[in-house]
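**Q** This structure is in structure tokens; I'll ask about it shortly.
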Amino acid sequence: RLRGRASMLAFLASSDQLPPAAVQASYDQAVSDAGWTLPVIAAASNVTSGIWGPSGVKMAGPYAWVPPSYWTDPAAADGYGGAMGFSTEISPGAAPMTLDSWNRTVGGDASLIWPEGGPDSELFRAHCGNPHGLFRSLGFFLPAFAQRYGDVVAGRAGVDAARRFLVAAQAAAMESHGAMFSGYRLRQSLGATGVVQWMANNAYPQHIWHLWDQHLQPGGSFYGAQAALRPVALLWDPFNGQAAVANDGPGAVPEGSRLEASLVGVDGKELYRQSSTMPDIPEGSVEFATPPAARAAADTAWL
């Protein structure tokens, strides 16, 4: 059944670790007996097999929040999960549920929707990762969230506090997940060949690791991925301070298309504007604007 499906790209013999030699040999015999003609990859991590050779992929994380600039930072790209090579299982982690999903998770109980401690409460933690592991809470996400968005629940309680936090968290998740996919698209010509988001959805209601949650509700992480993966997309590289246009669609961009970029401060004042004709981008991405004020802006600005 699998052999006839065009979506089958390869057979992975293992996840994190290289299988023992005897297991590799038995798998190799099994795929040979089955007439498997596609690649066999020893593991989803960066390993080398005596039978199948180097895996050619990496599983170097992250699994928790990182700044959007991480993905195109050469230091992260070369040694960690940044945009280089093929990452089989990574994610910026935190993807708090929408208010509707969280309300359904706690059974509509107003006393539970915003427990004491808010997003760092035991109840929120129970909907993160392994309670004994690194990802048992939103601990990697909350400090950065507070620095970027401030105390969004100051003076609020109950449903109102939950709404304010979870709505702002969607914006944060949209930015972080969009940055991951954007980073890999931006660095295609530099050796970034693919990335698999961990995960698509959860089998249990969680505030981490999903594009749509256990209730099948898409949140900010989904819309960040969607925006970055449009066939023709405008992308922002926060590490290099550059705007780019990417085209992975089946055809060329319509002739006469134009690109416009403007940087606007929170006071509504335009800090920068760039307009140009769409360049020829049969595949990959092309830089088209480098806002000089982007790095100098002391406060929030909108591109």
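The values are calculated or read from the model by the stated rules, or taken from the named source; none is laboratory data. Since the model is a prediction, treat every value here as computed from it, not as a measurement. Here the Cβ is made from the backbone with ideal geometry for all residues, glycine too, and neighbour counts use every protein chain on show. Only protein heavy atoms, including side chains, enter the accessible area calculation; ligands, DNA and RNA are left aside. Shrake-Rupley method; radii C 1.70, N 1.55, O 1.52, S 1.80 Å.
**Q** Quick check: at a probe of 1.4 Å, how many percent of the accessible area of segment 22-64 sits on carbon and sulfur atoms?
**A** Percent of accessible area from carbon and sulfur atoms in segment 22-64: 58.
**Q** Which distance in Å, rounded to a whole number, links the C-alpha centroids of segment 83-106 and segment 184-239?
**A** 9
**Q** Would you work out the charge dipole size for the chain about its Cα centre, treating the Cβ of every Lys and Arg as +1 and the Cβ of every Asp and Glu as -1, and quote it to the nearest 20 debye?
**A** Taking the Cα centre of the chain as origin, the dipole is about 280 debye.
**Q** Along each of the three principal axes of the Cα atoms of segment 1-71, give the extent in whole Å, ordering the values from largest to smallest.
**A** Between the extreme Cα coordinates on each principal axis of segment 1-71 lie 47, 30, 16 Å.
**Q** If I take all pairs of Cα atoms in segment 40-135, what percentage of them are more than 15 Å from each other?
**A** Counting pairs separated by more than 15 Å, the tail of P(r) holds 70 percent.
**Q** How big is the antiparallel share of DSSP beta bridges in the chain, given as a percent to the nearest 5?
**A** In the chain, DSSP labels about 75 percent of beta bridges as antiparallel.
**Q** Here's something else I'd like to know. Considering every Cα-Cα pair within the chain, what fraction, in whole percent, is farther apart than 30 Å?
**A** 43
**Q** What does the accessible area per residue of segment 70-184 come to in Å², with a 1.4 Å probe and no ligands, DNA or RNA counted?
**A** In whole numbers, segment 70-184 has 44 Å² accessible per residue.
**Q** Just how large is the dipole of segment 173-303 about the Cα centre, in debye to the nearest 20, putting +1 at every Lys and Arg Cβ and -1 at every Asp and Glu Cβ?
**A** Taking the Cα centre of segment 173-303 as origin, the dipole is about 100 debye.
**Q** Okay, next question. Ignoring trypsin sites (Lys or Arg not before Pro) that are buried or in helix or strand per DSSP, and keeping those with at most 12 other beta carbon atoms within 10 Å, what is the longest stretch of the chain between them?
**A** Counting only loop sites that pass the neighbour cut-off, the longest clear stretch is 6-268.
**Q** I need to check one value: relative contact order of the chain, counting alpha carbon pairs closer than 8 Å and at least 6 residues apart, in percent.
**A** It comes to 15 percent, rounded to a whole number.
**Q** Along the charge dipole of segment 38-185, Cβ charges K/R +1 and D/E -1, which of PRO62, PHE140, PHE165 sits furthest on the positive end?
**A** Going by the Cα projections, it comes out as PRO62.
**Q** Moving to a separate point now. May I ask for the percentage of alpha-carbon pairs in segment 127-166 that lie more than 15 Å from each other?
**A** 53
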